[in-house]
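Any read-out appearing in this document is the output of simple, stated calculations on the displayed coordinates, not a laboratory observation. The model shown is predicted, which means the values in this text are computed figures rather than measured ones. Because the Cβ atoms are built from the backbone with ideal geometry, glycine has one as well, and the counts that use them run over all protein chains shown.
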DNA sequence: CAACGACTTCAAGCGCACCTGAAGTCAACT
DNA sequence: AGTTGACTTCAGGTGCGCTTGAAGTCGTTG
């Protein structure tokens, strides 16, 4: 049985975040000892699930929906998010590459460096950027 | 010479966002024709730079700092952000893999699937996750 | 001349994920 | 008995990146 402080430390989140998750219905209300929350060890896993889904770009409200809905709906939500996530990862990777190049490229005005430029152009082209990276992880 | 609406369409952002960028000093105040902003074609590139840096995780305030500071400071900021970005990309990728597995794994309670589980454990371990992926792009 | 559509400013509001502070409770320790 | 430290609730605040709405100004068109 963990106090909220202990759980927070194990999961690497703040106590206020844990109370907030509970308030949203993402974390089940734990047992109480004279008013104080006592979590089972397994609660850390639940927090881990929340963090993982957050990393995947699910808002907390979406995560609540995941808990409530049926398997088919969950699946649909997941697929949609997965596509968004791939898009976002591709964007982040492209931005990373442009920035990284900018650092080792001794061009005085970075925005005029043809390599960096390519990143900007790609970003403005936008939308269909997913195509180029989608093949990298096809499932 | 583009109106704000035309620039917005080309850059794929809202007109209010463009005014906001200008207000923050990220976008130079353009010429005006009877009160209305008229942008040179080159402005689209500038917006592209903002979007690219945003993708890289720079807040707008940080981007303003990038414009103001000296090359050495810029470089320092960039390197710091790059590390953060790598961390974030690794996290997103790990989350993606866990979610993707969850979709094709027919386990009833997904959180009990050993493969998904690994993602959670890794997420809770946290911090040193950067090590595993850092080698993938070493500059 | 009237109306339309795109623009203008300015203040206020929004969504998200918490955080902060006040005021209180409780168990344990000295 | 007093103090410490970790907890409790609750209302309101924060930061970011815009968005929204009101009220007005243009140039063009019917």
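Using the alpha-carbon centroid of each, what span in Å lies between region B:51-114 and region A:53-105?
Here the answer is 10 Å between Cα centres.
Using a label position 7 Å from Cα in the Cα→Cβ direction, what is the ascending list of nm distances from residue A:70 to the same site in the other copies?
Counterpart label points of residue A:70 in the remaining copies fall at 6.6 nm.
I need the inter-copy label distances for residue B:114: point set 7 Å along Cα to C-beta, values in nm with one decimal, smallest first.
Listed shortest first, these distances are 5.2 nm.
Given N residues in chain A, what is Rg(Cα) / (2.2 N^0.38 Å)?
1.47
How far is residue B:103 from the same spot in each other copy, in nm, shortest first, if each label point sits 7 Å from Cα toward Cβ?
In nanometres, ordered from closest: 3.2.
Can you compute the modelled spin-label distance between residue B:72 and residue A:38, with each label point 7 Å from Cα toward Cβ, in nm?
Simple spin-label model gives 5.9 nm for this pair.
How big is the convex hull of the Cα atoms of region A:55-116, per residue, in Å³?
Output value, Cα hull per residue: 86 Å³.
Based on the Kirkwood radius over alpha-carbon pairs, what is the Stokes-Einstein translational diffusion coefficient of the protein assembly as shown at 10 °C with 1.306 mPa s viscosity, in µm²/s?
Answer, rounded: 75 µm²/s.
Report the per residue volume, in Å³, of the convex hull enclosing the C-alpha atoms of region B:43-85.
Roughly 64 Å³ of hull volume per residue.
Cut-off 10 angstrom, C-alpha nodes, Gaussian network model of chain A. Which of A:42, A:14, A:34 fluctuates the most?
A:34
Expressed as an acute angle from 0 to 90° and rounded to the nearest 10, what is the orientation of the C-alpha long axis of helix B:114-125 relative to the principal long axis of chain B?
It works out to around 60 degrees.
Using only the alpha-carbon atoms, how far is helix B:71-104 inclined from the longest principal axis of chain B? Give it as 0 to 90 degrees, nearest 10.
50 degrees
At 222 nm, what helix-only mean residue ellipticity would chain A give, in deg cm²/dmol to the nearest 500, using -39500 (n - 2.57) for each DSSP H run of four or more?
-21000 deg cm²/dmol
Return one number: the angle in degrees, 0 to 90 and rounded to the nearest 10, between the long axis of the Cα atoms of helix A:43-55 and the longest principal axis of the Cα atoms of chain A.
20 degrees
Length gain on complete extension for the stretch residue A:62 to residue A:10, per 0.36 nm per residue less the alpha carbon to alpha carbon distance?
Numbers: separation 52, 0.36 × 52 = 18.72 nm, distance 2.44 nm.
Contour length minus Cα-Cα distance gives 16.3 nm.
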